[in-house]
Every structure is written in structure tokens, then in C-alpha cells.
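Novice: What follows is a structure written as C-alpha cells; I'll ask about it next.
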Amino acid sequence: MEQSIEKGEVAIRISGIKKMYKLGQIGGGTLQADLQSWWARKRGKEDPNTKIGQKQRLVGQTFMALNGIDLTVYKGEALGIIGGNGAGKSTLLKLLSRVTAPTDGTIEIYGRIASMLEVGTGFNGEMTGRENVYMNGAILGMTKAEIDAKMEDIIEFSEVRDFIDTPVKRYSSGMYVKLAFSVAAHLDSEIMIMDEVLAVGDMAFQKKCLDKMREAAKREGRTVLYVSHNMNTIRQLCDRCVVLDKGKVAFEGDVEEAIQIYWGTSGVLSTFYKYGKEYHSNHRSFGKLVLQSLSVLNSSNMRFDYGSPICLKLVCSVSGQLKNVKFRFEIQYQDGSKVGTVFSDYGVDFFSAQERYIELIFDTEHLAPGKYRVDIIAFTYNEFRAEAFLDGVYPGFSFEINDTLNERNELVWMHQYWGSVHLHDAKIVGGG
């Protein structure tokens, strides 16, 4: 039976939130300035040595990750938070989870929070899965008896029963995600915060997680905040959506309208990408291989004619010997729908710690006109011939296919009806 939630009951109220970071240095240059800054922070006052304009984001050695966020989230609501890399999504969730404190503004939270900001957040690698469940429950204020009552459900949902008494430092990234999500979903908390963590898990588990979050919001009356670059999961889960852009709320309201605005603000086409931390989207790479940058060699604007190839130069670094490293390019249309996947045709061997580049030709022959985003995943195979994730960047790059089909076929391609793949025309070989 669905739990009845009072309409308009507030779960989270955010007022004028700002978060400033200093770039390059921590100190204020003098002992006096450092003491002034420390004393201001202790009293909850504005730092007298901070010179930040109201509308500016980067000034000198300071950066406003969030610059005046006002937002109200209601109980029982599933709220999507989307935006381009560096828009402030993860920073906002860290503030709500009390991982860090705001520079200015207030946050009112009505209920206990279970958050999953990255793979294995809140887990101690030396402790077993079972011990970490108890620790997370204790942090939420639950008794051992209350955790015991939920333990079987957590283990069953997580699909890691055989490893529940193994130290989690030995878990794969997928096992981390499964157990961490199961803990967040089953322990007693009124608010769930999820920051794009489901992409590591397999497709069946992703669906199970989305179903569980829907149930948590609709049937149990829990509040869900969900950050993702996958617009299909945003559509499936969320009742309302917020678009962040440059540390501010660019839009708040209908999910479909939010997605269209998001693609408008994040669809910047670039021929060079340097993959900082924000591109790696919380995936657990273990540092064996890191994707560093990508250059496009045959375009100045990332707009290609139908059927034209894209020539890529991908730079990566490894910490030691790796064999048969392959690359997967997962293609999405601008609305977030999956289009298809391209694999590198053979594996690359690395014989020592080094930085190396790989040049590839990315085929677009069957892509219909429109804007596309490509996520890049590096992987190898373990001794059981199962895929072993190495690193991923989200997005790896974006590009656009020009509408030359319209000139040839006298039609405008309709993605919503025909999809994003344009196969070869059927040949008429006879008739009567």
C-alpha cells in the first residue's frame, strides 16, 4: 500500500548557497590574513580576504563552484539534477551530504540522508562487506537489531552474498556499486542522494536500482536526488528536474524541457578534450590506466558530413605492464538515447609505465544528422575472459552530423520515429 505524503511537505530547503574554492594556494599570503580568514569561518562570517563578484565565477585564484543556489525539494519527490561537466552538480550533493560546508547560504534538511557520491563512499577497505553495512547503519543512528533485521534484504539485493564476509578492498567496481547502493536503499533514511554511480553496474542491476529508487519515492515516500548524464534514466525516475550551469540554476521544472535545455547548454563542440577528474564520473579505475586527453585531427568545428570518418588521437598513461587494452566508444544521440557502440579493432600492449597515444578512425557512416555524444571506456580481459574495466570518460567527445541527407533525399530525418541509424538504401532491382 502506497504511503500517503502530505503535499508540499519540505525535505530540503536551500537558500543562497555559494561554494568557493581557492586555486593554486591555500594560505592568504600573511599570517594576519590567514588568522582573519580562520576567525571569520569559525563565526560563520564572510571571509574578509575574499574578493568575489556576485556574478563572477573565476576571479584571480578563487573559483565559485556554486554561486547562489535556491532550491526546495519536497518529501516523496524524485528530483533529477543535470548539467555539463563542472556545472556544480557533485559540489551541491557534497554540501547536502555534509561532506563539505558552504561558503555562504543555508541548507535545511528534514530527515536522515543516505548518499552515494562515488563508488564505495563511506566504505572502509579493510572491513568486510557485512562490517561496512553495520558501520553505515550506525552512522545513520540505527541499532544493531535494526540493521540485523535488514541485513538479509541488503545481501540479497546486492548480489554479493558469496563475498559479504570478504574485505571490500578486494571487490570489483561493480561489486562496490551493488553493495553500496543496496546499503543506501535499505537502511533507514528519509533522503537518498545518488551521483551517477549506476553506470558501473551491469544493465540488469541498473534496472533493478532504478526500480528500487522509484519504489522508494512512490511507495515509501522517501526523497530521491539523482545526478546522471544518462537522460533515459532521468526520464524513467524523476518527477522534476533541475539544470545547473556555471554554478547556478539555469532551469527548474518539467523533465523533458530540462533535458532540452541541458543539451543546449552542454552541447559545446570541441576538437580537444583534457580529461580532468570531472570527466571520469566517479568510476574506480585503480590508476592502472588513465585516459588523459583526446584530439580530433580532421575537423576544426566537430561538424561532419554524412558518412565522413572522425580521426582521433587518444592519449593515455599506464602505471605498469598491461596487455590487450581495448577501447569502446558508446554513442548517444543528443536526447540521451543509446545509438550504438564502436570497438577498437584490436588490443594495445603497454610494456612499462609510460604515456602513449593511439590514433583511431571513428566511423560515422550510418549515423543520421544530429548531435551526438561519445563516452570512451578502456578495458581489458581477466583470466576468465571477462571484461575488466580500466578507465572511462563521460563524455569523451561530442560531434554533429550535417543534414546533407535532406539535400539528397528531400526529407528531414525524424529521430523520434526512425531512430538515429540510417542504413543503406534498399536497392530496387526489378518490378512489373
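Novice: Going by what's in this entry, would THR62 be described as surrounded by fewer than 22 Cβ atoms within 10 Å (Cβ to Cβ), of a type outside the set (Phe, Trp, Tyr) and modelled with pLDDT of 90 or more?
Specialist: no
Novice: Pull out all pairs, ordered by first then second residue, where Cβ-Cβ is under 6 Å, the residues are six or more apart or on different chains, the first lies in the range 314-326 and is over 21 Å from LYS274 (Cα atoms), and the second is polar (S, T, N, Q) and surrounded by 15 or more Cβ atoms within 10 Å (Cβ to Cβ).
Specialist: ASN324/THR380
Novice: Which members of the range 202-225 meet the condition of being aliphatic (A, V, I, L, M) and either at pLDDT below 80 or outside the structural domain of SER158 (by TED's automatic domain parsing) (or both)?
Specialist: Hits for the range 202-225 are MET203, ALA204.
Novice: Let me ask another. Going through the range 262-280 one residue at a time, which ones are within 17 Å of MET231 (Cβ to Cβ) and modelled with pLDDT of 80 or more?
Specialist: TYR262
Novice: Just wondering, is there one or more residues in the range 20-37 that are at pLDDT 80 or above and under 24 Å from the mean Cα position of the chain (by Cα)?
Specialist: Looking for residues that are at pLDDT 80 or above and under 24 Å from the mean Cα position of the chain (by Cα), one finds at least one in the range 20-37, hence yes.
Novice: Which of the residues spanning the range 370-405 are hydroxyl-bearing (Ser, Thr, Tyr), touching a residue at least 60 places away in the same chain (Cβ under 8 Å) and either farther than 19 Å from ASN298 by Cβ or not in a strand (DSSP E or B) (or both)?
Specialist: Answer for the range 370-405, where residues must be hydroxyl-bearing (Ser, Thr, Tyr), touching a residue at least 60 places away in the same chain (Cβ under 8 Å) and either farther than 19 Å from ASN298 by Cβ or not in a strand (DSSP E or B) (or both): TYR394, THR404.
Novice: Something else: Which ones in the range 119-163 are surrounded by 19 or more Cβ atoms within 10 Å (Cβ to Cβ), in contact with a Lys or Arg (Cβ under 8 Å, 6 or more places away or on another chain) and not in a helix (DSSP H, G or I)?
Specialist: Matches in the range 119-163: VAL119, GLY120, VAL160.
Novice: Quick check on the range 179-188. Is at least one of its residues assigned by TED's automatic domain parsing to the domain that holds ALA114 and part of a strand (DSSP E or B)?
Specialist: No, the conditions are met nowhere in the range 179-188.
Novice: If you take the residues of the range 333-369 that are aromatic (Phe, Trp, Tyr) and not in a strand (DSSP E or B), which of them is surrounded by the fewest Cβ atoms within 10 Å (Cβ to Cβ)?
Specialist: TYR346
Novice: Name, by its number, the condition in (1) over 15 Å from the mean Cα position of the chain (by Cα); (2) buried (at least 19 other Cβ atoms within 10 Å of the Cβ) that does not hold for VAL243.
Specialist: Of everything listed in (1) over 15 Å from the mean Cα position of the chain (by Cα); (2) buried (at least 19 other Cβ atoms within 10 Å of the Cβ), VAL243 misses just condition (1).
Novice: Which numbered condition trips up MET116, out of (1) touching a residue at least 12 places away in the same chain (Cβ under 8 Å); (2) surrounded by fewer than 18 Cβ atoms within 10 Å (Cβ to Cβ)?
Specialist: The single condition MET116 does not satisfy is (2).
Novice: While we're here: Starting from the range 171-188, keep only residues that are farther than 22 Å from ASP391 by Cβ, then list their pairs with residues that are among the aliphatic types (A, V, I, L, M) and part of a helix (DSSP H, G or I) whose Cβ atoms are within a distance under 7 Å, requiring at least 6 positions of separation or different chains.
Specialist: SER182/ILE154; VAL183/VAL133; VAL183/ILE154; ALA185/ALA216; HIS186/ILE154
Novice: Here's something else I'd like to know. Is at least one residue of the range 290-306 under 30 Å from LEU423 (Cβ atoms), crowded, with 19+ Cβ neighbours inside 10 Å and among the polar types (S, T, N, Q)?
Specialist: Checking the range 290-306: not a single residue is under 30 Å from LEU423 (Cβ atoms), crowded, with 19+ Cβ neighbours inside 10 Å and among the polar types (S, T, N, Q).
Novice: Are any of the residues in the range 232-249 over 30 Å from TYR21 (Cβ atoms) and among the polar types (S, T, N, Q)?
Specialist: Yes, there is a match, as at least one residue in the range 232-249 is over 30 Å from TYR21 (Cβ atoms) and among the polar types (S, T, N, Q).
Residues are listed down the side, and each one gets a yes or a no for (1) among the aromatic types (Phe, Trp, Tyr); (2) out of contact with any Asp or Glu (no Cβ under 8 Å at 6 or more places or on another chain); (3) under 20 Å from MET302 (Cβ atoms); (4) in the same structural domain as SER308 (by TED's automatic domain parsing):
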position	(1), (2), (3), (4)
LEU322	no, no, no, yes
VAL325	no, no, no, yes
ASP335	no, yes, yes, yes
VAL348	no, yes, no, yes
ILE358	no, yes, yes, yes
THR364	no, yes, yes, yes
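Novice: Related question: From VAL325, VAL374, which residue is among the aliphatic types (A, V, I, L, M) and in contact with a Pro (Cβ under 7 Å, 6 or more places away or on another chain)?
Specialist: VAL374
Novice: Here's a follow-up. Pick out the one residue from ARG161, ARG130 that is in contact (Cβ under 8 Å) with a residue 12 or more places away in the chain and either within 24 Å of TYR381 (Cα to Cα) or basic (Lys, Arg) (or both).
Specialist: When all the criteria are applied, what remains is ARG130.
Novice: Here's a follow-up. Out of the residues in the range 133-176 that are of a type in the set (Ser, Thr, Tyr) and within 29 Å of the chain's Cα centre (by Cα), which is farthest from SER115 (Cα to Cα)?
Specialist: The extreme case among them is THR166.
Here is a yes/no grid of residues against (1) modelled with pLDDT under 80; (2) touching a helix residue (DSSP H, G or I) at 6+ places or on another chain (Cβ under 9 Å); (3) more than 25 Å from VAL160 (Cβ to Cβ); (4) buried (at least 19 other Cβ atoms within 10 Å of the Cβ):
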| position | (1), (2), (3), (4) |
| --- | --- |
| MET194 | no, yes, no, yes |
| VAL200 | yes, yes, no, yes |
| PHE251 | no, yes, yes, yes |
| SER285 | yes, yes, no, no |
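The values are calculated or read from the model by the stated rules, or taken from the named source; none is laboratory data. Source: prediction; values computed, not measured. Don't worry about glycine lacking a Cβ; one is built from the backbone with ideal geometry, like all the others, and counts go over all protein chains shown.
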